Amino acid sequence: MIGLVVVSHSRQLALGVAELAGQMAPTVAIVPSGGDGEGGLGTDFLAVGEAIAEADSGDGVVVLFDLGSAKMVADMAAEEADGSVMVVDAPLVEGAVAAAVRAQGGAGLAEVAAAAASAAGVSSDSGSPPVLRLVGDSVRVEVELTNSVGLHARPAALVVRALDPLDASVVVRFGEEEADAKSVLALMGLGAPGGARVEVVASGADAAEAVRRVEELAARQFGE
């Protein structure tokens, strides 16, 4: 499984981002590396290298960073690492969440890195990335969000992980908005609260199974 390293000038920030992403991906190694090693703000080359080694299970590591100088340290540590490491320029929080969910689903290094990078489109001023356009026959169902928080972070991550292995394009619609159901950030961006009703539309070979999985998650209140 791909591991993640969160590099920040602030130790507390790195810890917080790793904790948040870890809630979405409980079996992914997410290692924070923050601060200058002496209790101050900054980055520590040796600490980043140790974090990469700790996160690497043999499949590779994606490294995320907060500010420009952290990228320089991350790049240097990646070059010195024994395994496969990709340093990704992405919004730290959104990128870590997206990458963690993708890694939890068993994706490879390039796919996890791409998930982190795609978070830049979701968090930019240009708005959310284009939603998948469904073609051909589709399966539609209206689902009530029976949990208290709706499509918040953890429930959205559960939906993405359930749908990721399926051969299906899935869109969730709430009001006038719609989101790619295989993107945790896009789902969270819908702002669908507990008790709301959303429309799930799927197409592809596994469309019926995709809809069934979303219905099942909602019926179980997303594990709350």
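The values are calculated or read from the model by the stated rules, or taken from the named source; none is laboratory data. If you're wondering where the values come from, they're calculated on a predicted model, not measured in any experiment. Cβ coordinates were reconstructed from backbone atoms using ideal geometry, including for glycine residues, and neighbour counts include every protein chain displayed.
Of all the listed residues (R213, R197), the sole one being among the basic types (K, R), surrounded by 16 or more Cβ atoms within 10 Å (Cβ to Cβ) and over 17 Å from the mean Cα position of the chain (by Cα) is R213.
Looking only at residues in region 160-180 that are at negative phi and small (G, A, S), the one that is surrounded by the most Cβ atoms within 10 Å (Cβ to Cβ) is A179.
Scanning region 195-224 for residues that are in a helix (DSSP H, G or I), out of contact with any strand residue (DSSP E or B) (no Cβ under 7 Å at 6 or more places or on another chain) and more than 17 Å from S169 (Cβ to Cβ) yields a total of 6. Just one residue in the set A157, A192 is at pLDDT below 95, crowded, with 20+ Cβ neighbours inside 10 Å and not in a loop (DSSP other than H, G, I, E, B); that residue is A157. Among the candidates V101, V62, V48, V85, single out the residue that is assigned by TED's automatic domain parsing to the domain that holds I30, at pLDDT below 95 and of a type in the set (V, I, T). Selected residue: V101, the only one of V101, V62, V48, V85 that is assigned by TED's automatic domain parsing to the domain that holds I30, at pLDDT below 95 and of a type in the set (V, I, T).
Scan region 95-114 for residues that are over 13 Å from R161 (Cα atoms) and assigned to a loop (DSSP other than H, G, I, E, B) and the total you get is 1.
Taking the listed residues S183, S203, the one that is among the polar types (S, T, N, Q), closer than 17 Å to M24 by Cβ and either in the same structural domain as A153 (by TED's automatic domain parsing) or surrounded by fewer than 21 Cβ atoms within 10 Å (Cβ to Cβ) (or both) is S183, with no other qualifying. Taking the listed residues A55, A90, A70, the one that is surrounded by 19 or more Cβ atoms within 10 Å (Cβ to Cβ), of a type outside the set (V, I, T), at pLDDT 95 or above and within 30 Å of S183 (Cβ to Cβ) is A55, with no other qualifying.
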